[in-house]
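The block underneath contains the structure these notes are about, expressed in structure tokens.
The values are calculated or read from the model by the stated rules, or taken from the named source; none is laboratory data. Predicted, not measured: the structure shown is a model, and the values here were computed from it. For neighbour counting, all protein chains shown are included, and Cβ atoms are generated from backbone atoms with ideal geometry for every residue, glycine included. Ligands, DNA and RNA are stripped out before the accessible areas are found, and what is left, the full protein with its side chains, is counted by its heavy atoms. Shrake-Rupley method; radii C 1.70, N 1.55, O 1.52, S 1.80 Å.
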Amino acid sequence: QAKSETRHSLLLFSADMNQRTEARAALERALRQALPLGQLSLHYQPQLDCAEALSLHGVEALMRWQHPQWGWVPPDQFIPVAEESGLIHAMTRWLLDECCQQMAQWRRDGLRVPRLALNLSARSFHQNDLAQHIEAALQRHGLAPQDLVLEITESVMMDPRSVTAANIKRLHQQGLVFSLDDFGTGYSSLSYLHRLPIGELKLDKSFVQDLSASPTARALTLSVMSLAQSLGKTLVAEGLETREQQDWLQSQGSLVLQGYLFSRPLPAAALPAWLQANGLT
Ligand code: C2E
Ligand code: MG
Ligand code: MG
Ligand code: MG
């Protein structure tokens with residue numbers, strides 16, 4: 001059983017159409033059980049503000065799935081399946097409650113985490129009660145809208161559905177901040193930057209990773225930095241892996257940095273020690 005399931009997981013990348021379809025179905029069946037069986041969890045990656053002295057800007061919640069046979073299944077594999085199958089809706093409700101509960105716990109523990117960013121799929125915005133769910137989760141745990149940041153991609157911004165627009169509008173009116181994830185990889189139509197309530201841009205990690213090798217990546221990064229600055233938006237650079245990248249970015253202006261150089265995404269229980277060790281408490 002275990003062997004054949006592992007084989008299924010790997011076959012997602014198989015060239016054979018039938019095998020792929022079967023592997024996809026096996027993944028969906030397993031994912032359906034993941035939530036009730038408690039196999040989902042969240043890890044949190046610190047985001048550091050590099051304006052003057054390093055300070056904690058916030059953390060990003062990243063979903064993790066540990067399957068008893070397959071081990072850790074990467075989100076890039078299971079999130080698309082969750083979206084196509086509709087399982088994403090239950091997972092998003094769980095995510096919202098888990099994030100708010102964790103943030104409230106940190107507050108009770110006296111841990112200074114200014115904000116928690118979470119990722120929302122475009123599909124989640126098709127649910128007409130998304131905004132209500134978020135408000136209810138905040139209320140349930142005694143949090144303010146400013147405690148959360150909603151990371152979305154350009155596909156949400158470009159979605160012509162009125163239900164998506166209504167969710168965005170209502171969440172904005174409630175005081176929630178949107179962050180545009182993977183910025184620079186999507187439609188690159190910039191008109192929505194002033195039409196829609198975006199407080200933060202996240203420069204995609206592909207730019208950060210090419211900084212030292214590619215003059216084009218450096219030029220594009222500089223233009224995104226000045227775009228963010230002139231529009232008055234926070235800029236987060238994700239995927240920061242080397243000291244060289246950090247030094248170059250910091251020499252160009254102020255921004256928020258996030259990446260393995262500082263920390264991998266951590267289980268909640270490991271965050272206090274990490275903050276302490278880095279003088280960020
Ligand atoms: P994302 O939101 O753009 O998250 C950044 C990804 O980069 C994360 O991968 C993170 O672990 C990884 N990362 C962080 N620092 C570094 C670094 O220095 N180098 C490299 N190479 N990677 C780094 P992860 O956790 O595998 O998540 C992948 C994607 O899955 C996320 O991209 C997001 O689109 C999606 N995802 C994760 N959690 C959730 C969730 O709760 N809900 C939804 N809808 N999507 C999620
Ligand atoms: Mg993200
Ligand atoms: Mg990203
Ligand atoms: Mg991504």
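Details
- Taking the chain as a Gaussian network of alpha-carbon nodes connected by springs under 10 Å, the highest mean-square fluctuation of the residues GLY199, GLY71, GLY259 belongs to GLY71.
- Cα convex hull volume per residue for the stretch 79-203 (Å³): 104
- Each Lys and Arg contributes +1 and each Asp and Glu -1, all at the Cβ; summed about the Cα centre of the chain, the dipole is approximately 460 debye.
- Helix-only CD estimate at 222 nm, as mean residue ellipticity for the chain, using -39500 (n - 2.57) per DSSP H run (n ≥ 4): -14000 deg cm²/dmol
- Converting phi to 3J(HN,Hα) with the Karplus coefficients 6.51, -1.76 and 1.60 and the offset θ = phi - 60°, the stretch 113-120 yields 10, x, 7, 10, 9, 9, 8, 10 Hz in sequence order, with x at every glycine or proline.
- Apportionment of accessible area to carbon and sulfur, the stretch 50-191, percent (1.4 Å): 49
- Placing a label point 7 Å from the Cα of ALA51 along the Cα-to-Cβ direction, the residues of the stretch 203-240 whose backbone N falls under 13 Å of that point are 233-235.
- Per residue, the accessible area of the stretch 122-214 comes to 45 Å², computed with a 1.4 Å probe over protein heavy atoms only.
- Degrees separating the helix 215-231 axis from the principal Cα axis of the chain, which is the longest one: 70
- Note on the chain: the alpha carbon radius of gyration divided by the globular reference 2.2 N^0.38 Å gives 1.03.
- About the Cα centre, charge dipole magnitude for the stretch 141-217 (Lys/Arg +1, Asp/Glu -1 at Cβ), debye: 320
- Here is the list for the stretch 225-281: chymotrypsin sites (Phe, Trp or Tyr not before Pro) lying in DSSP coil, each with at most 13 other C-beta atoms within 10 angstrom of its C-beta, are TYR260.
- Across the stretch 38-43, computed HN-Hα scalar couplings (Karplus, 6.51 cos²θ - 1.76 cosθ + 1.60, θ = phi - 60°) run x, 8, 8, 8, 10, 10 Hz from first to last residue, x flagging Gly and Pro.
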